[in-house]
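*Asks:* Structure below; questions to follow.
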Amino acid sequence: MIQLAEIRRRQGDEEGRECLLLEAYRGLRGGQWPCNLATYRFFLAEIEAAVEFPPEIQALRGRPSGFEGDLAFAEILQREVVPPLRERLGLGLPGEKASPARFLTGSGPSGFLIAFRPLENISPARTYYGGYGWELGALAKQGLAGLAISAEDASGRILRIIDDGGRDVRSGDLSDIPQGALALSLRRYPLPWRFVFASSGLGDLSRTAARENLLYALLLGVIGVLMALGAFLLARDISREAEATRLKTEFVQTISHELKTPLTLIRLYGETLQRQPALGDKERLGAYEIITKESERLSHLINNVLDFSRIEMGRKEFAFRPGDLAETVRATLESYRYHLEKKGFAIKDEIASDLPESTFDSEAVASVLVNLLSNAMKFSPGTKEVGVRLRRDGGEAVLKVEDKGVGFPPGEAERIFQKFYRVSSKAGAGATGSGLGLTIVKHIVEAHRGRIEVRSEPGKGSLFAVYLPLRGPGEEAR
Ligand code: ADP
């Protein structure tokens, strides 16, 4: 058409020439001829230089046409997109079929972020790719403009987008990154930028976070300790329970045994007396004695069991009355003296007579002494010596029962007062008992607001000391 216009010019048909050139101009801008951007621009410039445009077309000059935009885009595709695309496809990078693959192309603000994926069902013979390209400059200025918060924000928060060179991508200025700022990059979009977030409260935030971390660690520690404690208490409870069950079973066994022995003897001697009327005086007296002794043993045992069950149920009652403690001790010792002497025990007694009148349960105190004496007797298979001493010590009366028997190791001193507990030692193996005597003794002493102490050495003997306040329970200090 340009050549035709040239012919027209030579023919002197100026109007025809202009007409042709304008038509060519419109055709070129409208995309009538497929060409590349350079060809398009060349011919556009040629025509623009050769023709005087009428005013309605003059307005078009300098304004890029839609076709030019397409050409520019095609050229960008050709130059910036297709080669890296080919390269990537050649490498066979995974995942490109399923989700869009993205890459950066070009450099600086004129670069592009390209996202593409294969288009399916277009042609079986070829693969077509479709995608988008974002011009980085435009993306920074318009797309992300709403996101960034300027430094002047009243709240003191800053959100900046900076490039690899540390420049703010919107303003192009070198951007200082505040201390303690958070810099993030977008993982799924290979943008050459980082998002920098800073807040004046960020330092506080990290301090708060550290504090909370510490708090959580502490809490966790406390929970751990509590759990360990719980586990320990549970284990201890279980083992105590098991121990209590074992002790109870043992108790039932020993009690049955303890009941059976005197009963068998009583029955045996009772029957003997019944069947053999011609028994000599000596034998008869012996039989009576055994029956009496064994009945006493039985009643001592039964009294202890009854006392214990009353204590366990919280129903043990005391009859506190004013009286002479020395008198009670003396009388109890006298009633027991016979048993002791019969078994060959030497008794040393020192009972003070200067004790003032005090308030106590006479029967209970007698039971204390009987239990202590009975133990001293049971656990003294060798040296048969028992000491009973009562004296005043300040505001207290001290009752001591001492023996030279088998004793027990110091570690047992606490436990012998526990219910059913009996020291398992060879020395005391022959002794009978229920493991209740000292439990009852301790309960009685404590009911009198007193205390009991024990000192013992294996093979040397034991000393039990009972301290009873002379004012007696219920009386106020004067
Ligand atoms: P029991 O005498 O019926 O076994 P106790 O509660 O009276 O029960 O005594 C508990 C344990 O304390 C006894 O089994 C014995 O091992 C020990 N014990 C008590 N008194 C003495 C003592 N005088 N000498 C040695 N061991 C003793």
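*Asks:* For the range 346-473, calculate the relative contact order in percent as a whole number, restricting contacts to Cα pairs under 8 Å that are 6 or more residues apart. Display every interim value, and only then the final one.
*Replies:* On the way: 249 pairs, mean separation 39.2, N = 128.
With pairs under 8 Å counted, the relative contact order is 31 percent.
*Asks:* Please give every one of the lysines within straight-line cross-link reach of Lys316, meaning a C-alpha to C-alpha distance under 16 Å, and leave out same-chain neighbours fewer than 8 residues apart.
*Replies:* Lys316 reaches Lys419, Lys442.
*Asks:* Over the range 205-313, what relative contact order in percent results from Cα pairs under 8 Å that are six or more residues apart?
*Replies:* After rounding, I find 24 percent.
*Asks:* Continuing with this model, one more query. Can you work out the FRET efficiency for the pair Phe73 and Ile2, with r the C-beta to C-beta distance and R0 = 22 Å, to the nearest 0.05? Please report the intermediate quantities before stating the final value.
*Replies:* On the way: r = 26 Å, r/R0 = 1.19.
So, using R0 = 22 Å, E works out to roughly 0.25.
*Asks:* Check each of the trypsin sites (Lys or Arg not before Pro) in the range 19-60 and keep only those in coil by DSSP with at most 13 other C-beta atoms within 10 angstrom; list them in order.
*Replies:* Working: sites: Arg26, Arg29, Arg41; in loops: none.
Passing sites in the range 19-60 do not exist.
*Asks:* Using a Förster radius of 51 Å, what is the FRET efficiency between Leu259 and Glu212 based on their Cβ-Cβ separation? Nearest 0.05, please.
*Replies:* After rounding to 0.05, the efficiency reads 0.15.
*Asks:* Shifting gears a bit: Not counting ligands, DNA or RNA, and with a 1.4 Å probe, what is Val225's accessible surface area in Å² rounded to the nearest 10?
*Replies:* Surface open to solvent at Val225 totals about 100 Å².
*Asks:* Each residue of the range 224-238 in order: what ³J(HN,Hα) in whole Hz does its phi give by Karplus 6.51 cos²θ - 1.76 cosθ + 1.60, θ = phi - 60°, with x for Gly and Pro?
*Replies:* Karplus values, whole Hz, x for Gly and Pro: x, 4, 4, 5, 4, 4, x, 4, 5, 4, 4, 4, 5, 4, 4.
*Asks:* For the chain, what does -39500 (n - 2.57) per DSSP helix run (n ≥ 4), summed and divided by total residues, give at 222 nm, in deg cm²/dmol to the nearest 500? Before the final figure, lay out the partial values.
*Replies:* On the way: 11 runs with 216 residues, N = 478.
Value at 222 nm, helices only, nearest 500: -15500 deg cm²/dmol.
*Asks:* Expected output is a single nm value to one decimal: the length gained when fully extending between Asp354 and Arg337, i.e. 0.36 nm times separation in residues minus the C-alpha distance. What is it?
*Replies:* Details: separation 17, 0.36 × 17 = 6.12 nm, distance 2.28 nm.
Stretched out fully, the Asp354 to Arg337 stretch lengthens by 3.8 nm.
*Asks:* What figure in square angstrom, to the nearest 10, would you give for the accessible area of His257 with a 1.4 Å probe?
*Replies:* Rounded to the nearest 10, the figure is 110 Å².
*Asks:* Calculate how steeply helix 37-50 sits against the longest principal axis of the alpha-carbon atoms of the chain, using the helix alpha-carbon long axis, and give the answer as 0 to 90 degrees to the nearest 10.
*Replies:* Long axis of 37-50 versus the principal axis of the chain: about 40 degrees.
*Asks:* Towards the positive end of the charge dipole of the chain, with charges on Cβ (+1 Lys, Arg; -1 Asp, Glu), say which of Phe464, Tyr132, Gln274 has the farthest Cα.
*Replies:* The residue sitting farthest along the positive end of the dipole is Gln274.
*Asks:* Please go through the range 297-350 and write out the trypsin sites (Lys or Arg not before Pro) that DSSP classes as loop and that have at most 14 other C-beta atoms within 10 Å. Don't skip to the answer; put the middle values down first.
*Replies:* On the way: sites: Arg297, Arg310, Arg315, Lys316, Arg330, Arg337, Lys342, Lys343, Lys348; in loops: Arg315, Lys316, Lys343.
Sparse-neighbourhood loop trypsin sites (Lys or Arg not before Pro): Arg315, Lys343.
*Asks:* A further question on this structure: Report Ser309's accessible area, 1.4 Å probe, all protein chains in place, as a number in Å² to the nearest 10.
*Replies:* 40 Å²
*Asks:* For the chain, give me the percentage of DSSP beta bridges that are antiparallel, rounded to the nearest 5 percent. Working shown, then result.
*Replies:* Details: 51 of 57 bridges.
Close to 90 percent.
*Asks:* Could you check the simple spin-label distance between Arg117 and Ser309, using points 7 Å along Cα→Cβ, in nm with one decimal?
*Replies:* Simple spin-label model gives 8.6 nm for this pair.
*Asks:* Just add up the charged neighbours of Tyr132: K/R +1, D/E -1, any other residue whose Cβ is under 12 Å from the Cβ of Tyr132.
*Replies:* Details: positive: Arg102, Arg117; negative: Glu135.
So the environment of Tyr132 carries a net charge of +1.
*Asks:* Which percent of the Cα-Cα distances in the range 70-139 go past 20 Å?
*Replies:* Working: 720 of 2415 pairs.
The proportion of pairs with Cα distances above 20 Å equals 30 percent.
*Asks:* Can you pull the Rg over Rh of the chain, Cα-only, Kirkwood? List each step's numbers first, then the result.
*Replies:* On the way: Rg = 56.8 Å, Rh = 34.7 Å.
Rg divided by Rh gives 1.63.
*Asks:* So what's the net charge close to Leu298: Lys and Arg +1, Asp and Glu -1, counting the other residues with Cβ under 11 Å from its Cβ? Each step should come with its number before you reach the end.
*Replies:* Details: positive: Lys260, Lys293, Arg297; negative: Glu258, Glu294, Glu296.
Computed value for this residue: 0.
*Asks:* Efficiency by 1/(1 + (r/R0)^6): what FRET value for Ala242 and Glu446, r their Cβ-Cβ distance, R0 = 22 Å, to the nearest 0.05? Provide the component values of the computation, followed by the final result.
*Replies:* Values: r = 27 Å, r/R0 = 1.25.
After rounding to 0.05, the efficiency reads 0.20.
*Asks:* Something else about it: Could you sort Leu186, Leu463 by their accessible area in this structure, using a 1.4 Å probe and putting the largest first? Provide the component values of the computation, followed by the final result.
*Replies:* Values: Leu186 80, Leu463 20 Å².
The ordering from most to least exposed comes out as Leu186, Leu463.
The values are calculated or read from the model by the stated rules, or taken from the named source; none is laboratory data. Quick caveat, the model's predicted, so the values are computed rather than measured. Cβ: placed from backbone, ideal geometry, glycine included. Neighbour counts: every protein chain shown. These area figures cover heavy atoms from the full protein model, side chains too; ligands, DNA and RNA do not enter into them. Shrake-Rupley method; radii C 1.70, N 1.55, O 1.52, S 1.80 Å.
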